[in-house]
Structures are given as C-alpha cells and as structure tokens.
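Undergrad: Starting off with a structure, shown below.
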Amino acid sequence: MKAIYLTGFMGAGKTTVGKRLGEVLQLPVIDTDAYIEQQVGKTIADIFAEEGEGVFRAYEREVLKKLPTEHIVITTGGGIVIQEENRRFMSNHGIVIYLHCELHELFRRLADDATRPLLMENKQSQMKQLFEQRLPWYRQAHITIDTTNRTVDDIVETIVSLLKSSRF
C-alpha cells in the first residue's frame, strides 16, 4: 500500500485521526512536525522564532523526501501544501487525504491553543486568511473527508472504506 498522507488545516484532526488510522490499518504513523522537532532538537514554535518560516519549510521538504512511501500513515503540518513541490511529491508517492473542517469549528478547537506560531494575534482573522489561502491546495488531494462534528472512529471508518473501494 502506498503511503497515506493526511493534510488539512491546523485543528482539522490530522494527528488524532492519523494515530487511530494507523492502529486500524496496523501501519506505523509519522507526524512530520514531531519528526522535524526530533531531528532539529527544537519545537516548531522555536524554529519559527529563531530561524524563520522559510527554514522550517525547508526542513518540511527535506523530511517529506526522507520518509517511507509505502505502508505508512504520515500526518503533515497544516502548511505543507503551500509548496508545490510537496503537493506533487505526496500525490506521486501516496494517497493524499484532505481532512476538511469548517472554519467555525476550527475556531472552537483552537480557541485556547497558544502553540501555533502563525496564529499569535488576531487569531480568527489570521485563521480565516490562512484557511482561504490554502483551501485550493488542500482540495488537490485524492480524497476529501469532512471532519466537522464527526467522531474520530467515524472518520477513520470512512477512510478505510474509501481505501478498500478505491483504485489506490
């Protein structure tokens, strides 16, 4: 089986759904953000603060190419899709699943989250702008699943069903 790449905006459920999907499919799960933190020895927030977004995006590109492309679930950072090179790589080497979540629900989920480096002040306005900017790129995925008001098990069940019945 090709790698399964979970994409989507911050708060859409990529990490949580990815962990459960890995359990159900009996596949290892790698989170690109956690992998970068481990390799660099800094948190994502510290990388953004000390080295800038451009350096973080370079780490993201490098890590994506190092990871296996078969028999794995890879949960990605919300901004991985902004680089065409990343979108092309994921599309060519795996099954890209966009976990969509409505903006009002993302606001609720991220209301108390102070760990997102791109959302420091004026959070809702920034989220809306980033979400709208990235949406066309997210929609280039092979599969789109709406996570709004759904349980993790329901989402995973849908993904597994789609994977079994599709050409992947």
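Undergrad: For the chain, what is the percent of antiparallel DSSP beta bridges, rounded to the nearest 5?
TA: Bridges in the chain are about 5 percent antiparallel.
Undergrad: Taking a temperature of 4 °C and a viscosity of 1.567 mPa s, what whole-number D in µm²/s does Stokes-Einstein yield for region 21-114 with Rh from Kirkwood over alpha carbon pairs?
TA: 88
Undergrad: How many times 2.2 N^0.38 Å is the alpha carbon radius of gyration of the chain?
TA: 0.98
Undergrad: Then there is this: If each residue's Cβ is checked for other Cβ atoms within 10 Å, how do Phe107, Phe9 rank with the fewest at the top?
TA: The order, fewest Cβ neighbours first, is Phe107, Phe9.
Undergrad: Rounded to the nearest 0.05, what FRET efficiency is calculated for Leu103 and Lys65 with R0 set to 41 Å and r the Cβ-Cβ distance?
TA: Calculated value: 0.85.
Undergrad: How far apart, in nm, are two points set 7 Å out from the Cα along the Cα-to-Cβ line at Glu50 and at Gln129?
TA: Label-label distance for Glu50 and Gln129, simple model: 2.7 nm.
Undergrad: Of Thr15, His71, Gly54, which is farthest along the charge dipole of region 1-105 in the positive direction, counting Lys and Arg as +1 and Asp and Glu as -1 at C-beta?
TA: His71
Undergrad: Counting other C-beta atoms within 10 Å, which of Ile74, Ile82, Ile145, Ile44 has the fewest, and how do the rest follow?
TA: Ile82, Ile44, Ile145, Ile74
Undergrad: Using the number of other C-beta atoms within 10 angstrom as an exposure proxy, rank Asp31, Asp46 with the fewest first.
TA: So the ranking, lowest neighbour count to highest, is Asp46, Asp31.
Undergrad: From the phi angles alone, apply the Karplus equation (6.51, -1.76, 1.60; θ = phi - 60°) to region 52-64 and give each ³J(HN,Hα) in whole Hz, x where the residue is Gly or Pro.
TA: Per residue, the Karplus-derived 3J(HN,Hα) values read x, 5, x, 5, 4, 5, 5, 4, 4, 4, 4, 5, 3 Hz.
Undergrad: Obtain the nm distance between the two label points defined at Gln140 and Val24 by a simple spin-label model: each point lies 7 Å from its Cα along the Cα-to-C-beta direction.
TA: 2.7
Undergrad: So, one more: What lysines sit close enough to Lys128 to cross-link, taking a C-alpha to C-alpha distance under 23 Å and skipping anything fewer than 8 places away on the same chain?
TA: Cα-Cα hits under 23 Å: Lys14.
Rule-based calculations on the coordinates, nothing more; no lab input. These numbers were taken from a predicted model, which means no experiment stands behind them. A quick note on method: Cβ atoms are made from the backbone with ideal geometry, for glycine too, and the neighbour counts reach across all protein chains shown.
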